[in-house]
4 protein chains.
Amino acid sequence: MNTFGRSFRCTTFGESHGPALGVVIDGCPPGLPLSEDDIQPALDRRRPGRDPLTSPRPEPDRVEILSGVFEGRTTGTPVAMIIWNREARASDYDELREIFRPGHADFTYQMKYGIRDHRGGGRSSGRETAARVAAGAVAARILAEAGITISGTIEEIHGVSDPTGREDEIKNAIAEGDSVGGIIRVTARGCPPGLGDPVFGKLDALIAGALMSIGGVKGVEIGDGFAAARKKGSEHNDEMDRTGFLSNHAGGILGGISTGADIVARVGVKPTPSIRKPQKTLTTGGEETVVRIQGRHDPCIVPRVLPVAEAMLCLVLADALIEQQKCRVFQE
Amino acid sequence: MNTFGRSFRCTTFGESHGPALGVVIDGCPPGLPLSEDDIQPALDRRRPGRDPLTSPRPEPDRVEILSGVFEGRTTGTPVAMIIWNREARASDYDELREIFRPGHADFTYQMKYGIRDHRGGGRSSGRETAARVAAGAVAARILAEAGITISGTIEEIHGVSDPTGREDEIKNAIAEGDSVGGIIRVTARGCPPGLGDPVFGKLDALIAGALMSIGGVKGVEIGDGFAAARKKGSEHNDEMDRTGFLSNHAGGILGGISTGADIVARVGVKPTPSIRKPQKTLTTGGEETVVRIQGRHDPCIVPRVLPVAEAMLCLVLADALIEQQKCRVFQE
Amino acid sequence: MNTFGRSFRCTTFGESHGPALGVVIDGCPPGLPLSEDDIQPALDRRRPGRDPLTSPRPEPDRVEILSGVFEGRTTGTPVAMIIWNREARASDYDELREIFRPGHADFTYQMKYGIRDHRGGGRSSGRETAARVAAGAVAARILAEAGITISGTIEEIHGVSDPTGREDEIKNAIAEGDSVGGIIRVTARGCPPGLGDPVFGKLDALIAGALMSIGGVKGVEIGDGFAAARKKGSEHNDEMDRTGFLSNHAGGILGGISTGADIVARVGVKPTPSIRKPQKTLTTGGEETVVRIQGRHDPCIVPRVLPVAEAMLCLVLADALIEQQKCRVFQE
Amino acid sequence: MNTFGRSFRCTTFGESHGPALGVVIDGCPPGLPLSEDDIQPALDRRRPGRDPLTSPRPEPDRVEILSGVFEGRTTGTPVAMIIWNREARASDYDELREIFRPGHADFTYQMKYGIRDHRGGGRSSGRETAARVAAGAVAARILAEAGITISGTIEEIHGVSDPTGREDEIKNAIAEGDSVGGIIRVTARGCPPGLGDPVFGKLDALIAGALMSIGGVKGVEIGDGFAAARKKGSEHNDEMDRTGFLSNHAGGILGGISTGADIVARVGVKPTPSIRKPQKTLTTGGEETVVRIQGRHDPCIVPRVLPVAEAMLCLVLADALIEQQKCRVFQE
């Protein structure tokens, strides 16, 4: 289950402190203009160490295309991309080798696999999302050809929506040795009606699964989201006239299929689990202990989740766009 | 995309006003005791026409097992189940044949497929969920053998949590020719640690996708959900001691893998789109019109979504339980 | 693994002596004219009891469409079809309940599942192929719209190619209480170039897997087949000029992708394992015994495999045809 | 469709003359001892330039593990492996840029994708199989833990089975500027009964598809293969007594499920399509021309297909072994 998508299928690999991260995209349509220059900017947005409020691990995150592109265009064969880990300092994690960090996947990986790469969280590290962002950039390239654009914005940090106030929240968290969460909104504009499938392959179901698969995400809403649960039908339904829909409470999806209106999703991100404050936990041997997480960590991962959330929306929509081709066998 | 699951794979079929609904489960482990008596009670809970506040279409919803069971036990071959439609009155829908009902999938199905079974919403009808509930009952049977129990509860109707008040909200909606939504919580107890997969197959991602695939669901939360976005790390992290986790803000999942604590999810359900109040819309020919939906409809689908949400959680967990067998090749 | 195909996905169910057999097709393109009349003739060809040389179980094999068709056209939602078992006489098999029949799947099912529906072979019965033939008829309908026709022929029975001689071979086998095998050739005409995928999804690989999945098939060849292993490159390569390929040693597939020439495959079918001659075997309890199979059996299954082989080729090609739509995103 | 397998899923990438080839294995069970030393010997067997009778392109084919292994054991996360192309001399192929080589995938790739990497066959090159062999070596490591060993042998070259005569056939082909094919047998010993699935996932169907997916393979047989079509049931059925099966005409598989006897498959390999003899063909512009293929080519690919055929059998069986875990939910 390191593969995402049905027709545009991305398989990612790599650990935080292994030699490299990467992704293989199977099903990228042939004839798409593509080079590293289409992908690097998205990685640069996600990259750590960009400003004083994020993790200081200075990874260059240079992407290299290994296959599937010939003379500047995709050929229809798998597009493999690799990002080398340059600044992995595994020894930083020696003291965490035998401790289950609260809020992290340490305990659950051990329970699942009976073995665990403890260095920087191994596969469960946020670093894994670099491969998603690279794949998302290819998807965005496809969507751009179809006139679809994806954007995202931070709505709140620790309950504060004002940008200056948000920065204060992060600074306070750093000062306290604590961390904060926040809320992100992602939007797709220009999406044609008809994308998505009924029943289990509903577009909103795929988007919800895609966004919830990002580490730290605890909630997903489409359109009105939970607010719809407190409305009446007459308030929530989107009426239509010849100009189109008169509102967009549905968030661009009805019956799991795109309406043509903007697709709007919101995600709630938990506070970074790595904090300097002391926390009770267990060692891998089952002993009680208290841990204070040191080392390089973001006090708030929301800004770094933002490009990942956009990437996941790109992956879902590029896949749905290609899938929709199948419905056209007898429609043309 | 009418198939759900990886190892316990359910493929559903059927329209609201066709001859029958059904499901084929491929990957049900052999040796499970199973009969119609294990499934019928779940269907009875979802069934329409049970009380004056729900839709009066009086479907008996009797399930029949067609394959995969021999002398009271599953054989490992596909378990097919069928539910005949008895009370389909297609003529009720004649006047809606050329109208896109607001809040429904009428417009989007037409855009996607270029053809549409308008009778009762066709495949997009809530009636499709009968097949999910039947499959979910088989999944629940598997989970029961593993000591896992699923339960669900209504938290709110139209923002009101008090049971009497909730009923009033529904009655008022009926009187107004309107409808209301609500919030449901589902819980899995007894789930062992280690279920779920990293990255795209995270257990919370699968649950979010599963719940969002139910018609009318607009939001999903795991554990603290959106509230986590307003907490600090020290408030949200679940500390551990020898007795286990000291809290369950995570909702039983860390890094996409079950912790052993209760798995807790919440879903926000929109108000029923079918309302008697007049609404602006378009005809299939593109003409503006005003529609007042008549016929048999629930003023609030939340009570009927409840067993479906439980069923979907059962499907995700039974699948994850079987998938986890694969990790044990070299662990025993 | 009771599902076949990627875009045109058929999930079959049912046992020889259960209530019914059936298939759910997910991914049938919308807008295809379809009724039971398109499917029944194919089932009639496969049906048992048609002539004195085949099994006398007189099943009517009437197919019923349960979903996915509205007013004579497919809607894009799952097409479910059911065939009821009418003439199941389970008691015929009582004496085989505790015996592993040589050449049958009795022993292997028991080893795999630890439980086994012994009645007529249960799921391993050739009766399962009725569902494949029904699905294949829908696929053939799609192919017909694209100008592709599938045909099949018996090349040999027990090494004899002359039709009269073949019939003698079968009669002799009956007289001896024995059985015979044979060879079938299936051909697809009118297939456009470009179908199939490189590497693991090669069209010939899919065809080989599809044909080998039919009970009793022990060998598959494409084009020259094993004879190619005894040729030189200059003898096997198909040269081209403006009129197209000058020969078709490749059997219509190069690099796993259709060339536009006829697709030609051959299958070798083993003799029916059920014979009246005495055979050494074991009981389910591990005791040695000798079995003489009585009851209703074909002395030669080749004539009944023929429509199944055609159906499987239809399924592969319809799936490939729909899949190929995905390559056209940027080609139009 | 560059992914193979259900539970042990291998996704390969890379072109003959791109920067690298590679494979990502998703679903490798945790806890398996693994290093490059387990994989390199298999690659060395497949490597070009090893003796005067094979292609002189001197690729070192060094494999590097990029992820999924920690302190000498697999962790359950994706195992990515990369093999750099060192000796790619793309300019060798300049003159073939606009010519469809007979017997190659040049024409069909162009028809499918509308674009083609002509350098050395691009993705359709036999070089792609290096990634399969690397993945197969990991699979073999899993099988070894379960006591299963895979071996393969060349049965014939150009119809000759005597080893000295076979070499003469290849030398003659070189002298003539021609090429020859041959037949390979692969065997799995120690396979437990119960592997494989009924219907479409039959073990023989998966093996047939796997072997036919190797470039140049035109026929596949299991056990008696086509010879079974000329036998009687009493000759082909494998009787049993307490010591087990008394013969193995079935090739170790009944009803698609392993019997516990040796699994035996044969593949027919066509002669290398690249020959120096003149052949009629078309240019990409549709003009008639005559081509004589120069450059580095094997006169007979059979010796190099051998380790690939073994690798594919390993992949099928490792996958089936892991899949079979699922049947054990209620069997222990």
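The values are calculated or read from the model by the stated rules, or taken from the named source; none is laboratory data. Please read these numbers as outputs of a predicted model, since none were measured by experiment. With ideal geometry, Cβ positions are generated from the backbone for all residues, glycine too; neighbour counts draw on all protein chains shown. Just so you know, the surface numbers come from the protein's heavy atoms only, side chains and all, with ligands and any DNA or RNA stripped out. Shrake-Rupley method; radii C 1.70, N 1.55, O 1.52, S 1.80 Å.
The D-C contact accounts for roughly 8200 square angstrom of buried accessible surface, both chains included, probe 1.4 angstrom.
Taking only the Cα atoms of the range B:3-331, the radius of gyration and Dmax are 20.9, 68 Å. Projected onto its three principal axes, the C-alpha set of the protein assembly as shown covers 84, 66, 64 Å, listed from the longest axis down. Note on the range A:3-331: dipole from Cβ charges, positive end direction compared against A:LEU195, A:PRO19, A:LEU96; the farthest Cα belongs to A:LEU96. Model label points for D:ASP241 and D:ARG296, set 7 angstrom from Cα along the Cα-to-Cβ axis, are 5.7 nm apart.
Spin-label model, B:ASP37 to D:ALA146: label points 7 Å out along the Cα-to-beta-carbon direction sit 3.8 nm apart. Between the beta carbons of C:THR153 and D:ASP92, assuming R0 = 35 Å, the FRET efficiency works out to 0.20 to the nearest 0.05. In a simple Cβ point-charge model (Lys, Arg +1; Asp, Glu -1; nothing else charged), the protein assembly as shown has a dipole of about 0 debye relative to its Cα centre.
Computed from the C-alpha gyration tensor, the three semi-axes of the ellipsoid equivalent to the range C:189-332 are 39, 19, 13 Å, from longest to shortest.
Note that the range A:214-229 has calculated 3J(HN,Hα) couplings of 7, x, x, 7, 10, x, 9, 10, 10, x, 4, x, 4, 4, 4, 5 Hz, one per residue in order, obtained from phi through the Karplus relation 6.51 cos²θ - 1.76 cosθ + 1.60 (θ = phi - 60°); glycine and proline are x. Of the residues D:ASP319, D:ASP224, A:ASP92, ranked by 1.4 Å probe accessible area with the largest first, the sequence reads A:ASP92, D:ASP224, D:ASP319. Counting every C-alpha pair in the range A:258-308, the share spaced more than 14 angstrom apart comes to 68%. Taking only the alpha carbons of the range B:106-230, we obtain Rg and Dmax values of 18.0, 49 Å in that order. Excluding ligands, DNA and RNA, the accessible surface per residue across chain D is 31 Å² with a 1.4 Å probe. Potential lengthening of the chain between B:GLU288 and B:GLU176 amounts to 37.9 nm, from the contour at 0.36 nm per residue minus the alpha-carbon distance. For C:GLY244, the distances from its label point to the matching points in the remaining copies are 4.7, 5.1, 6.9 nm, ordered from shortest, with each point set 7 Å beyond Cα toward Cβ.
Test of understanding: given chain A, find the longest segment containing no trypsin sites (Lys or Arg not before Pro) that are in a DSSP loop and have at most 16 other Cβ atoms within 10 Å. That gives A:98-241 as the longest site-free run. Near C:GLU288, once Lys and Arg are set to +1 and Asp and Glu to -1 for all other residues with Cβ below 9 Å from its Cβ, the sum equals 0. Think of chain D as a dipole: +1 on every Lys or Arg Cβ, -1 on every Asp or Glu Cβ, centred on the Cα centre; then among D:GLY225, D:ASN85, D:ALA144, D:ASN85 lies furthest on the positive end. Evaluated with a Cβ-only charge set (Lys, Arg +1; Asp, Glu -1), chain D carries a dipole of roughly 480 debye about its Cα centre, given to the nearest 20.
In angstrom, the C-alpha Rg and Dmax of the range D:68-162 are 19.0, 50.
Here C:GLY190 yields copy-to-copy label distances, from shortest upward, of 4.0, 5.3, 5.8 nm, the label point defined as 7 Å from Cα along Cα to C-beta. Taking GluC sites (Glu not before Pro) across the range D:233-310, the ones in a DSSP loop with at most 13 further Cβ atoms lying within 10 angstrom of their Cβ are D:GLU287. Computed from phi, the 3J(HN,Hα) profile of the range B:170-177 under the Karplus parametrisation 6.51, -1.76, 1.60 (θ = phi - 60°) reads 5, 4, 4, 4, 4, 4, 7, x Hz, with x in place of Gly and Pro. Label point of D:GLN40 (7 Å along Cα→beta-carbon): distances to the other copies' equivalent points are 3.4, 6.7, 6.9 nm, sorted ascending.
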